[in-house]
Amino acid sequence: MKVVVVGNGMVGYKFCEKLRKKATKEQIEVVVYGDESLPAYDRVHLSEYFSDQNSDKLLMAARDWYQSNDINLKVGELVTAIDRENQQITTHKGNTESYDYLVLATGSSAMVPPIKGVEKKGVYVYRKIEDLDQIIDFGKKVKRAAVLGGGLLGLEAAKALMDMGLETQVVEFASRLMPRQLDDTGAELLKSKIESLGIEVLLNKNTKEIDGNGKLNRLVFADDTELQTDMLVISCGIVSRDELADNAGLEKGPRGGYKVNSKMLTNDPKIFAIGEAANYNGMVYGLVAPGYEMADTVISQLLEEETTLFEGADMSTKLKLIGVDVGSFGDALGTTPNSIPISYEDRNTGTYKRVNLSPDGKKLLGGILVGDAEDYNILHQFALNGMALPPNPEDLILGARDGGSDLGGIGALPATSQICSCENVTKGDIEEAVKSQGLENIGQVKTCTKAGTGCGACTPMVTDILNETLKSMGKSVRKVLCEHFDYTRQELFDLVKVSGIQDYERFLDEHGVGDGCEVCKPAMASIFASVYNDLITKQDTIQDTNDRFLANIQRGGSYSVIPRIPGGEITPEKLIVIGEVAKEFELYTKITGGQRIDLLGAKLEDLPDIWEKLINAGFESGHAYGKALRTVKSCVGSTWCRYGLHDSVSFAIEVEDRYKGLRAPHKLKSAVSGCRRECAEAQSKDFGIIATEAGWNLYVCGNGGANPAHAQLLAGDIDSETCIKYIDRFLMFYIKTAEPLNRTSVWFSKLEGGMDYLRSVIVEDSLGIAEQLELEMQKLIEVYKCEWTEVVNNPELRKKFTHFINEKAGDPTLKFDKMRGQKIPTAWG
Amino acid sequence: MINEIIANYKTVTPADVKVWYEVANVSEFPKNGGVALSYKGLQIAIFNFSRRDEWYATQNLCPHKKQMILSRGMIGSEGEEPKVACPFHKKTFSLKSGKNLNGSECDLATYPVKVDDGMVYVGFSE
Ligand code: SRM
Ligand SMILES: Cc1cc2nc3c(=O)[nH]c(=O)nc-3n(C[C@H](O)[C@H](O)[C@H](O)COP(=O)(O)OP(=O)(O)OC[C@H]3O[C@@H](n4cnc5c(N)ncnc54)[C@H](O)[C@@H]3O)c2cc1C
Ligand code: SF4
Ligand code: FES
């Protein structure tokens, strides 16, 4: 049998993926036509394209997936006609293809209202990667942007525009935002939240004209007001792409879309339509989950399995990306006659919750959550499954006030409740997979069940179900390292100390199972280093690549070199050496965000020679590659600065020299500022020090990076010696008790008792371990050796820095381009 | 271009072997780690899985971002399956079958390895 799929979007792709799980090429031959130049990509996460313009990341499957799964994919080819009589299609290139069954998955395009001037330059829609490319391009040249449409997508687009640094307005025709999902109160609250993000919201605006001299410069509204703007993104809904219908004589639904029955069949028994191209019962479903269900329906018929009929779908949604929690599910607006609404509003925290009960008060029909959508999943489940409500239904939104568990949590859900709507996975499916396949972590659950691999909104629930199931099986949910060690990091740390074992293989023999993996090897390596601080080069194959080769791997496979420059202070002589080395080995140079200099693009086999020169000039390893102390940044301080209270540079150098080479569960960063103007940004560091009139303030557990956290004051107005003593204790306490790859801020967020507790341990010595912590730190500091010095002086270790075992030459595939007079790696494939 | 490079890597089964290429003495290989071999323009990653007393060879090219890098990957096991994790983004592949264990990338070509009198050999079909 031969199936031709028209459209390689999200649903067209999912159809192929699901089909190939059940039928081989011999059973069903599949040919797919897609008119976009890329294979199917994840439109739901389209906005993520703004952050790095990497379309590869969005692909539903790598390009070679189609080939290895025997799907004959033709991209960049538009299907222009269907010849139903001869069962064949024609493309814009004039190619024809015959079919036994045709699946139309042509999706939709953005609806563009017939406003005067929409053709103007600077007016875009928000649907394809190409649209985004244009928006990004144009956005670089302008200052202001407006979005037409205040629905889900419009708000998402507005956030993206704002993130581009544009002054952004949302223009909505209706009297409130998200009119189909929210009631007046909810929408009002959402509006003030959106406005507090810096996006202006204009309601009741009927756009009459898009005006401008060539490119737009203003919108004119029916009430004769106007809005000056440089760019307009239209997000007013979708229209199905049903262009093939008329000529082929296929019926259309009201307002477009191929009309289908519950088998997804059009009026031709050989032609199906699925996804946003299909119109079922007068409805086009603009979400992925219903589209995926439709794909299942078609597949069950092709394989002559029991047909799963499509009978409509749930349109509940949660607003994503924008940093405001909004959820709307089931009968959100309470349109069911005599339904009973219960609502709760707190203007102080900006929260609004509303649930609509059935007239008898026994069932949850739907609801709205703004400001706090944490219970979205569970409430949605109550509505979907008609679950029995708690005795006081208001507890649904208020929580039980007697301290008892409120909604019964995940345990209360029936096994049939659908958890992942994108992939149609039920609670029962997840429990079953966990039990029968012995799954133990969320990654395995995702791989085996596909739950959480779509929009990802259900991941917290999937995790809860996993943990509950594990608990019910008597497995305690400890954060064990991986399948090879049934211990937490803290337990392993103690085991290493007590057993005295320093060798990974032996430790695995005695305390683990199997052969180890990329999770436990580096974690154990880090523990060995934190306990013994022995040279990591002794066990190089259990180190992550950066630690194994003592340099950071870069795109293309070259490495970077960052020598330590304590406190950011460097002599002209040393600067010259860096310059000379960079010239000699053709390295790209850049000042890092950590007040030092990165030399990038080094070949593996050059690393020892490069370091030999640097070490001879007095440099040491900067451990930029290690989960270790990185930099202690400084400001100029009292030696130069008119405001400086103490010599922050000297103290930063002292601190950096003290802890250099110290390995930890994650990297460690620090800074010392000479006064509270804080030019060294100490309050964003794992430990940061700020000069005061009376001494130093010591702050801990700050973080820049992905989830910034302000450091908190551990001790104030202390002298240098006390400061070092507290840092010793603090770091050692963290090193001994944190989970792998938790920065101090993450570790701190899980520490029961918070800062009061931490202060009691570190400053007041409530556990009586302070002296021991100081001794342990002292031991580590005493055995520190620069690992690069060790390599440079050891011919055996130097030999490891080669690409081929049988040739002297380096990797011939390393390729570089030029940019602004320096080399850069050629972009990867 | 890249696709042509990938196409050069085809699994060789023991029955296909026409050439046993002598690589180096066992002592030249890191324990529980890999090295890269250059053979007729191909780059092959050879793994000395000393913990299991097993040897494996695969293409050195990671299919994810097409990087010549797998020989620098960390090896280990998932259940019984021996595997290698790419150093770039930790995609993992079976050393036995070359299969991608994350289910998203395409599989690796694998090559037979034998050890004879302390020397390591990799089998090629040409
Ligand atoms: C080179 C540098 C960027 C630059 O050109 O300025 C850099 C480069 C990388 N950073 Fe960074 N970070 C650099 C300063 C920073 C800073 C700024 C700072 O230290 O003051 C931060 C925010 C501060 C912080 O960490 O709290 C920073 C936050 C991160 C994070 C996020 C950490 C987090 O807790 O969220 C990562 C990811 C990670 O570590 O898991 C990261 C990871 C990386 C890696 C190592 C990613 C990787 O694994 O390949 C990058 C290596 C590319 C390379 O080798 O060139 N880098 N990175 C900077 C090196 C500083 C140095 O001298 O050692
Ligand atoms: C920014 C954005 C955010 C979204 N967020 C969410 C969300 O959070 N949750 C959610 O459920 N949904 C969301 N959606 C909607 C979701 O993306 C769609 O429901 C889904 O993509 C529909 O899949 P489809 O395959 O039917 O259509 P599409 O993904 O549009 O794919 C159809 C493909 O067919 C091609 N095509 C059309 N006609 C032809 C032809 N004649 N010949 C060849 N090829 C043709 C099209 O070019 C297109 O590539 C979002 C959409 C956007 C744009
Ligand atoms: S240097 Fe840091 S911020 Fe920049 S791309 Fe790399 S990891 Fe991201
Ligand atoms: S390049 Fe190998 S995992 Fe990304």
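The values are calculated or read from the model by the stated rules, or taken from the named source; none is laboratory data. Note that this is a predicted model, so its numbers are computed, not measured. So basically every Cβ, Gly included, is an ideal-geometry build from the backbone, and we count neighbours across all protein chains shown. Just so you know, the surface numbers come from the protein's heavy atoms only, side chains and all, with ligands and any DNA or RNA stripped out. Shrake-Rupley method; radii C 1.70, N 1.55, O 1.52, S 1.80 Å.
Summarising the strand pairing of segment A:552-782, around 70 percent of its internal DSSP beta bridges are antiparallel.
Placing a label point 7 Å from the Cα of A:ALA412 along the Cα-to-Cβ direction, the residues of segment A:361-383 whose backbone N falls under 19 Å of that point are A:361-370, A:372-383.
Each peptide in A:153-161, A:278-286, A:52-60 gets a packing score, the mean of other Cβ atoms within 10 Å over its residues, and the list from highest to lowest is A:153-161, A:278-286, A:52-60. Bridgeable aspartates and glutamates around A:LYS427 (alpha carbons under 12 Å apart, same-chain partners fewer than 8 residues away excluded): A:ASP464, A:GLU468.
Segment A:651-665 and segment A:75-111 have Cα centres separated by 65 Å. Of the listed residues B:LYS90, A:LYS660, the order by accessible area with a 1.4 Å probe, largest first, is B:LYS90, A:LYS660. For A:ASP515, nonlocal amide neighbours, meaning residues 5 or more places apart or on other chains whose placed amide H falls under 5 Å from its own, are B:SER77. Mean sequence separation of contacting Cα pairs (under 8 Å, at least six apart), scaled by the length of segment A:123-236, corresponds to a relative contact order of 33 percent. In this assembly, the A-B interface accounts for approximately 3300 Å² of buried accessible surface in total, computed with a 1.4 Å probe and without ligands, DNA or RNA. Peptide B:59-69 is shielded by partner chain Cβ atoms: per residue, an average of 4 of them sit within 10 Å of its Cβ. Site pair B:GLU28 and A:SER749 shows an inter-label distance of 5.0 nm when each label is modelled 7 Å from Cα along Cα→Cβ. The DSSP beta bridges internal to chain A are antiparallel in roughly 60% of cases. Near A:ILE271, the amide H atoms lying under 5 Å from its own belong to A:LEU102, A:THR266; only residues 5 or more places off or on other chains count, and H is placed 1.01 Å from N. Assuming R0 = 56 Å, can you tell me the calculated FRET efficiency for the pair B:VAL19 and A:ASN793, based on Cβ-Cβ distance, to the nearest 0.05? My answer for the efficiency is 0.90. Label positions at A:HIS92 and A:ALA706, each projected 7 Å from the Cα along the C-beta direction, are separated by 4.0 nm. Mean separation of Cα pairs under 8 Å and 6 or more residues apart, divided by the residue count, gives segment A:552-782 a relative contact order of 13 percent. Note on A:ASN247/A:ALA617: beta-carbon distance plugged into 1/(1 + (r/R0)^6) with R0 of 56 Å gives a FRET efficiency of 0.15. One way to sum up the overall shape of the protein assembly as shown is the equivalent ellipsoid from its Cα gyration tensor, whose semi-axes run 49, 38, 30 Å, largest first. Measuring nothing but protein heavy atoms, the accessible surface of segment B:2-124 at 1.4 Å probe radius is 46 percent carbon and sulfur.
A probe of 1.4 angstrom, applied to the heavy atoms of all protein chains, finds A:GLU167 with accessible area near 110 square angstrom.
Each residue of segment A:519-531 is assigned a 3J(HN,Hα), and the resulting list reads 8, 7, 4, x, 5, 5, 4, 5, 5, 3, 5, 6, 8 Hz, derived from the Karplus form 6.51 cos²θ - 1.76 cosθ + 1.60 (θ = phi - 60°), x at Gly and Pro. In this structure, A:VAL783 and B:ASN102 have a Cβ-Cβ separation that, at R0 = 45 Å, corresponds to a calculated FRET efficiency of about 0.70.
Convex hull volume of the C-alpha atoms in segment B:2-124, normalised per residue: 100 Å³.
Quick one: in segment A:607-686, what % of C-alpha pairs are over 22 Å apart? That tail contains 35 percent of the Cα-Cα pairs. Each residue of segment A:252-265 was assigned a 3J(HN,Hα) from its phi angle through the Karplus curve 6.51 cos²θ - 1.76 cosθ + 1.60 (θ = phi - 60°); the sequence is 10, x, x, 6, x, x, 5, 6, 10, 9, 6, 9, 6, 8 Hz, with glycine and proline shown as x.
Legend: residues A:GLU423, A:GLU483, sorted from most to least accessible area (1.4 Å probe; ligands, DNA and RNA excluded), read A:GLU483, A:GLU423. Here the sum of -39500 (n - 2.57) over DSSP H runs of 4 or more residues, divided by the residues of chain B, equals -1000 deg cm²/dmol at 222 nm, to the nearest 500. Give me the distance between the Cα centres of segment A:669-732 and segment A:164-194, rounded to whole Å. Their Cα centres are 42 Å away from one another. Working note: 222 nm ellipticity from helices only, DSSP H runs with n ≥ 4, each -39,500 (n - 2.57), summed and divided by the residues of chain A, gives -9000 deg cm²/dmol to the nearest 500. In terms of distances greater than 20 angstrom between alpha carbons, the cross-link table entries A:LYS121/A:LYS143; A:LYS521/B:LYS91; B:LYS10/B:LYS66; A:LYS785/A:LYS808; A:LYS446/B:LYS90; A:LYS128/A:LYS159 yield A:LYS785/A:LYS808. With 22 Å as the cut-off, how large is the P(r) tail for segment A:552-782, expressed as percent of Cα-Cα pairs? Of all Cα-Cα distances in segment A:552-782, 53 percent exceed 22 Å.
Here the simple spin-label model places points 7 Å from the Cα toward Cβ, and for A:GLU26 and A:GLN822 these points are separated by 5.8 nm. What the Kirkwood sum gives for segment A:205-274 is a hydrodynamic radius of 15.3 Å, with every pair of different alpha carbons counted. Taking every alpha-carbon pair under 8 Å whose residues sit at least 6 apart, segment A:489-548 reaches a relative contact order of 31 percent.
Give me the inter-chain shielding for A:514-524: mean count of other chain Cβ atoms within 10 Å, whole number please. Mean number of neighbouring Cβ atoms from other chains: 5.
In this structure the protein assembly as shown gives 43 Å² per residue of accessible area when probed at 1.4 Å with all protein chains present. Peptides B:45-55, A:804-814 ranked from most to least packed, by the mean per-residue count of other Cβ atoms within 10 Å: B:45-55, A:804-814. For segment A:564-621, count all C-alpha to C-alpha pairs, find those more than 19 Å apart, and express that count as a whole percent of the total. Above the 19 Å cut-off, segment A:564-621 has 21 percent of its Cα pairs. Each Lys or Arg adds one and each Asp or Glu subtracts one; over the other residues with Cβ under 15 Å from the Cβ of B:HIS89, this totals +3. Hydrodynamic estimate: the Kirkwood radius of segment A:123-236 over Cα pairs, inserted into Stokes-Einstein at 20 °C and 1.002 mPa s, corresponds to D of 153 µm²/s. Secondary structure note: in segment A:233-379, about 90% of the DSSP beta bridges are antiparallel. Computed extension gain for A:GLN490 through A:MET283, at 0.36 nm per residue and net of the alpha carbon distance, reaches 69.0 nm. For A:GLU693, project a label point 7 Å along Cα to C-beta. Then give me every residue of segment A:643-667 with its amide nitrogen under 17 Å of that point. Counting backbone N atoms under 17 Å from the label point, the list is A:643-646. A:THR96 exposes around 80 Å² of accessible area when a 1.4 Å probe is run over every protein chain in place.
When the label point is put 7 Å from the Cα of A:ASP52 along its Cα-to-beta-carbon vector, which residues of segment B:65-99 have a backbone N closer than 18 Å? Answer for this model: B:65-68, B:86-92. Within the assembled protein chains, the solvent-accessible surface assigned to A:ASP133 is about 60 Å², based on a 1.4 Å probe. For segment A:66-137, the mean projected area of the C-alpha convex hull, equal to one quarter of the hull surface, is 7.8 nm².
Tell me the angle of helix A:720-737 to the major Cα principal axis of chain A, expressed in degrees between 0 and 90 and rounded to the nearest ten. Computed tilt is about 50 degrees. Within the same chain, lysines fewer than 8 places from A:LYS633 are excluded, and of the rest, those with a Cα less than 21 Å from its Cα are A:LYS574, A:LYS590, A:LYS660, A:LYS667, A:LYS669, A:LYS685, A:LYS725. Return the carbon/sulfur percentage of the accessible area of chain A, one whole number, probe 1.4 Å, all protein chains in place. Reported share for carbon and sulfur atoms: 48 percent.
Would you mind classifying segment A:482-573 by shape? Square roots of the alpha carbon gyration tensor eigenvalues, ordered a ≥ b ≥ c; an a/c under 1.5 is rounded, otherwise it is prolate if a/b is larger than b/c and oblate if not. Since a/c reaches 1.5 and a/b is larger than b/c, the shape of segment A:482-573 is classed as prolate. Centre-to-centre separation between the Cα atoms of segment A:247-326 and those of segment A:218-245: 26 Å.
When the residues A:VAL288, A:VAL445 are ordered by accessible surface, computed with a 1.4 Å probe over the protein chains alone, the sequence from largest down reads A:VAL288, A:VAL445.
Within a straight-line Cα-Cα reach of under 21 Å, A:LYS270 can be paired with the following lysines, leaving aside sequence neighbours fewer than 8 residues apart in one chain: A:LYS2, A:LYS14, A:LYS18, A:LYS22, A:LYS25, A:LYS252, A:LYS259.
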